[in-house]
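Engineer: The structure under discussion is supplied below as structure tokens; questions concerning it will follow.
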Amino acid sequence: MNWFANSLLAWFDLHGRKDLPWQTDINPYRVWISEIMLQQTQVPTVIQYYQRFMERFPDVATLADADIDEVLHLWTGLGYYARARNLHKAAGRIVAEHNGQLPEEQQQLESLPGIGPSTAGAIRAISMQQRGVILDGNVKRVLARFHAIDGHYSSASVLKVLWQRADANTPNQRLADYTQAIMDLGATLCVRSRPDCQACPLKERCQALKEQRVGELPSKKNAAPKPVRQARFFVLRLPEGSVLLEQRPLQGIWGGLWNPPERGAETSVEAFLNHQGVHSSDVKQVQYKESFRHTFSHFHLDIEPIYIELKKVPTMVVQESTQRWVQLARLTESQEAIGLSAAALKLLRG
């Protein structure tokens with residue numbers, strides 16, 4: 001075994017995390033769900049979502065058989081909802097094409113929706129006793145510093161070098177422990193800002209530490225400023241406590257989730273109500289509240305909330321199958337099995 005793996009495993013034996021929910025009763029399904037949830041999301045946030053998700057969907061067949069609304073409901077607040085949609089699609093494929101078992105081959109795993117090379121490698125290494133190589137965000141940071149690799153991950157040439165280093169460092173023994181160890185190192189010591197280099201098991205041979213470049217590696221991407229968009233969200237409420245929700249198309253931002261109706265920033269209250277078939281005499285009160293910003297990976301969305309209280313149930317408001325009235329109390333207490341965006345939750349709790 002190489003020095004890198006030996007040093008990492010010796011540290012892991014003493015300091016590694018071994019009591020996380022997905023580290024018990026290990027099987028490919030449980031590891032797969034955890035790896036998807038941990039993409040772009042910190043461990044403390046994931047734990048409660050993982051436990052709820054596994055309680056409701058303990059195996060791939062249960063997940064495949066579920067309604068997508070319920071899957072998205074259990075994902076509400078976790079973000080990056082394409083992950084949940086891909087899990088549901090992949091579960092269907094696993095049941096239909098692989099007899100309900102995650103395939104062991106790397107290429108077959110990568111062919112499933114939402115599973116890339118690193119996720120496939122983690123599933124194989126942790127739960128299948130196969131040699132799998134991982135390169136998630138934490139591992140990229142560890143390798144970029146240890147080997148002093150310049151350039152941002154978005155560059156194909158940099159990514160190629162990182163994969164080569166990841167493969168060379170991955171041992172042929174104790175694959176599950178090694179995989180967990182290198183992720184742990186990046187999550188607990190070799191963190192983005194203020195890394196604890198003195199406690200790091202790799203400090204003796206870390207090139208970035210030797211060259212005093214830990215702070216500048218990994219290289220930062222020269223990102224252009226994110227564009228800003230504006231939208232109005234109309235929170236239409238009935239006297240008995242229901243609100244009008246609208247389902248987003250499955251593709252795109254907030255795909256498949258339910259929000260209060262979103263319209264362009266130029267849409268007036270009158271135009272919105274006219275389109276919904278609500279007469280002005282049915283309106284009890286209109287409140288304009290302070291805008292807030294929701295940030296996506298590629299743009300900022302400035303949301304202007306408008307709360308409209310109705311006197312009675314209008315006859316024409318629900319005009320499409322993508323709209324429905326839902327009890328507000330059930331939504332805010334997570335009793336209604338539909339997926340809501342974090343912005344929707346904020347608006348409804350308004």
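The values are calculated or read from the model by the stated rules, or taken from the named source; none is laboratory data. Owing to the predicted nature of the structure, the values given are computational and were not obtained by experimental measurement. Neighbour counts are summed over all protein chains in view; Cβ atoms, including those assigned to glycine, are modelled from backbone coordinates with ideal geometry.
Engineer: Which of the numbered conditions does Val133 fail, given that it passes all the others? Conditions: (1) in a helix (DSSP H, G or I); (2) buried (at least 21 other Cβ atoms within 10 Å of the Cβ).
Structural biologist: It is condition (1) that Val133 fails.
Engineer: List pairs: first in the range 315-327 and closer than 20 Å to Leu348 by Cβ, second modelled with pLDDT under 75 and crowded, with 16+ Cβ neighbours inside 10 Å, Cβ under 6 Å, 6+ apart or cross-chain?
Structural biologist: As it stands, the answer is Val326/Glu336, since those pairs meet every condition given.
Engineer: A further question follows. Between a first residue in the range 100-127 that is charged (D, E, K, R) and a second residue that is surrounded by fewer than 22 Cβ atoms within 10 Å (Cβ to Cβ), which pairs have beta carbons less than 7 Å apart while being 6 or more apart in sequence or on different chains?
Structural biologist: That search, which allows pairs on different chains as well, returns Glu104/Met128; Glu104/Gln130; Glu110/Gly116; Glu110/Pro117; Arg124/Glu104; Arg124/Gln106; Arg124/Gln130.
Engineer: Write out, first by first residue and then by second, each pair whose Cβ atoms fall under 9 Å of each other, whose residues are 6+ apart or on separate chains, and whose first residue, in the range 198-216, is in a helix (DSSP H, G or I) while the second is exposed (fewer than 12 other Cβ atoms within 10 Å of the Cβ).
Structural biologist: Qualifying pairs under 9 Å: Glu204/Trp3; Arg205/Trp3; Ala208/Gly215; Gly215/Ser193.
Engineer: Pick from the range 28-62 the residues that are aromatic (Phe, Trp, Tyr) and under 17 Å from Tyr80 (Cβ atoms): which of them is surrounded by the fewest Cβ atoms within 10 Å (Cβ to Cβ)? Can you show your working first?
Structural biologist: First, pick out the residues of the range 28-62 that are aromatic (Phe, Trp, Tyr): 29, 32, 49-50, 53, 57.
Adding the requirement that they be under 17 Å from Tyr80 (Cβ atoms) leaves 32, 49-50, 53.
Working: Trp32: 27, Tyr49: 17, Tyr50: 21, Phe53: 22.
It comes out as Tyr49.
Engineer: Separate question: Testing Arg30 on (1) assigned to a helix (DSSP H, G or I); (2) touching a Phe, Trp or Tyr at 6+ places or on another chain (Cβ under 7 Å); (3) closer than 26 Å to Thr295 by Cβ; (4) not hydrophobic (A, V, I, L, M, F, W, C), one condition comes back false. Which one is that?
Structural biologist: (3) is the only condition that Arg30 fails.
Engineer: Oh, and also: Taking into account only those residues within the range 255-276 that are touching an Asp or Glu at 6+ places or on another chain (Cβ under 9 Å) and more than 17 Å from Val243 (Cα to Cα), which is surrounded by the most Cβ atoms within 10 Å (Cβ to Cβ)?
Structural biologist: Gly256
Engineer: Here is a further query. I'd like to check which helices (runs of 4 or more DSSP H) are fully inside the range 34-111 and have at least 3 residues that are within 23 Å of Trp258 (Cα to Cα).
Structural biologist: By residue number, 43-56, 60-65, 68-75, 82-97.
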